[in-house]
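Below: one structure, written as structure tokens.
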Amino acid sequence: MTNLVELYLKLVFFVLIGYTIGRRLSTTVPTRLGQFLYWVGVPIGVVVFLRKADLSGQIWIAPAIAYLAILLGALFAWIAIKGQAYLTNTAPHKSTQGSFILAAMVGNTGYLGYPIILSIVGTQYFAWALFYDLLGTTLGAYGLGVALAARFGGGVHSHLQVIKAIIINPALWSFGFGLLFREVKIPAPVEFWLELVAWSCVALSLILIGMRLGKLTSWHSLPRASVSIGIKMLLVPLILGSILPLFGLTGTTARAIVLQMAMPPAFATLVIAETFHLDRDLAVTALAIGSMVLLVTLPIWLWLF
């Protein structure tokens with residue numbers, strides 16, 4: 001209970017700071033901060049936190065579960081679209097269908113998932129969150145997610161750019177470097193400052209989320225966004241979380257996986273929506289609603305798992 005209270009205080013405090021200053025600053029500020037975290041902050045955090053992470057056990061199953069969550073979310077979203085078409089004899093525009101499916105598939109398992117996992121389950125289990133995000137969510141978003149976006153929208157010419165973005169992803173490279181760096185002995189003062197930088201970047205990631213939420217003003221797609229959020233943050237984690245013991249995952253490990261599955265839609269869904277001309281309003285609304293719903297659903301998952 002204490003960890004949850006501390007987590008809520010941190011989440012609300014840093015996100016509120018970002019939200020407040022984000023509404024007053026130029027749009028270039030969150031963009032620059034996002035670039036800094038993408039190229040510098042997150043890679044440093046990956047390397048530092050990997051040093052204390054436990055890599056034993058069935059950790060490689062984390063990406064597989066991430067793929068299951070992505071596919072199950074897409075399946076339920078597709079069923080919901082077909083159900084609406086059957087009941088009303090009208091189907092949403094293809095661009096809206098694309099954003100709806102994306103919001104139900106891909107979660108914010110990096111900028112939001114990392115701080116939550118580190119606060120609730122600690123650095124020992126961080127590797128589970130890391131494998132889930134980098135080898136699961138990231139590849140799923142820019143693999144299947146882009147394929148769906150191209151199918152429901154436009155911008156097929158961007159496929160090579162997306163492949164290039166995956167290859168040069170600094171977090172993936174730092175992941176490999178971090179595995180090697182685990183065995184390197186470094187002086188205590190150096191390790192202290194590295195950890196300070198890493199935790200500072202965690203705080204900055206929460207501030208960035210607040211900044212971006214401060215720029216979201218569209219609420220026109222609330223009904224559809226609510227359905228996609230229900231699929232992404234409730235239905236999929238409940239179904240897959242209940243069968244995790246079949247994979248040998250229980251206790252704190254299962255909790256880390258469930259929390260990653262229950263994250264709100266990722267900002268990558270908005271990036272993909274804009275790139276492939278999908279329904280931006282729906283993507284924006286899903287991001288905002290999901291971030292607020294998380295404050296309600298977190299205690300539920302901690303109680304259940």
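The values are calculated or read from the model by the stated rules, or taken from the named source; none is laboratory data. Remember, it's a predicted structure, so these values are computed and weren't measured experimentally. Because the Cβ atoms are built from the backbone with ideal geometry, glycine has one as well, and the counts that use them run over all protein chains shown. With ligands, DNA and RNA removed, areas are computed over all heavy atoms of the protein, side chains included. Shrake-Rupley method; radii C 1.70, N 1.55, O 1.52, S 1.80 Å.
Considering only ARG224, ARG255, ARG182, the mean-square fluctuation computed in a Gaussian network model of the chain, springs between alpha carbons under 10 angstrom, is largest for ARG182. Treating segment 11-50 as a set of equal point scatterers at the Cα positions, no solvent, please give the Debye-formula log₁₀ I(q)/I(0) at q = 0.28, 0.33 Å⁻¹. Taken in order of the listed q values, log10 I(q)/I(0) reads -0.91, -0.96.
In this calculation the C-beta distance from GLU6 to THR88 is compared with R0 = 51 Å, giving a FRET efficiency of 0.65.
If you roll a 1.4 angstrom probe over the protein chains with everything in place, what fraction of the accessible area of segment 207-305 belongs to carbon and sulfur, to the nearest %? Carbon and sulfur: 68 percent of the exposed surface of segment 207-305. If you take all other residues with their beta carbon under 13 Å from the beta carbon of LEU206, and give Lys and Arg +1 and Asp and Glu -1, the sum is +2. For the chain, the longest principal axis of the Cα atoms and the long axis of helix 61-88 meet at an angle of about 20 degrees. Across segment 63-149 the C-alpha pair distances fall into 5 Å bins from zero in the proportions 3, 15, 21, 19, 15, 11, 8, 5, 3, 1, 0 percent.
Among rounded, prolate and oblate, which fits segment 15-123 when a ≥ b ≥ c are the square roots of the eigenvalues of its C-alpha gyration tensor, a/c under 1.5 means rounded, and a/b larger than b/c means prolate?
Values: a/c = 3.00, a/b = 1.36, b/c = 2.22.
Taking the square roots of the gyration eigenvalues as a ≥ b ≥ c, segment 15-123 is oblate.
Angle between the Cα long axis of helix 170-181 and the longest principal axis of the chain, 0 to 90 degrees, nearest 10? Once rounded, one gets 30 degrees.
When the Gaussian network model of the chain links Cα atoms closer than 10 Å, the mean-square fluctuations of ASP279, ASP54, ASP133 top out at ASP54.
For the chain, taking Cα atoms only, Rg and Dmax work out to 18.6, 67 Å respectively. Here segment 7-63 exposes an accessible surface that is 68 percent carbon and sulfur, computed with a 1.4 Å probe and the other protein chains kept in place.
Calculate, for VAL197 and LEU75, the FRET efficiency according to 1/(1 + (r/R0)^6) with r their C-beta to C-beta distance and R0 45 Å; round to the nearest 0.05. Mind showing how you got there, number by number?
Numbers: r = 41 Å, r/R0 = 0.91.
With R0 = 45 Å, the Cβ-Cβ based efficiency is 0.65.
Axis of helix 251-261 versus longest Cα principal axis of the chain: the two differ by about 40°, to the nearest ten degrees.
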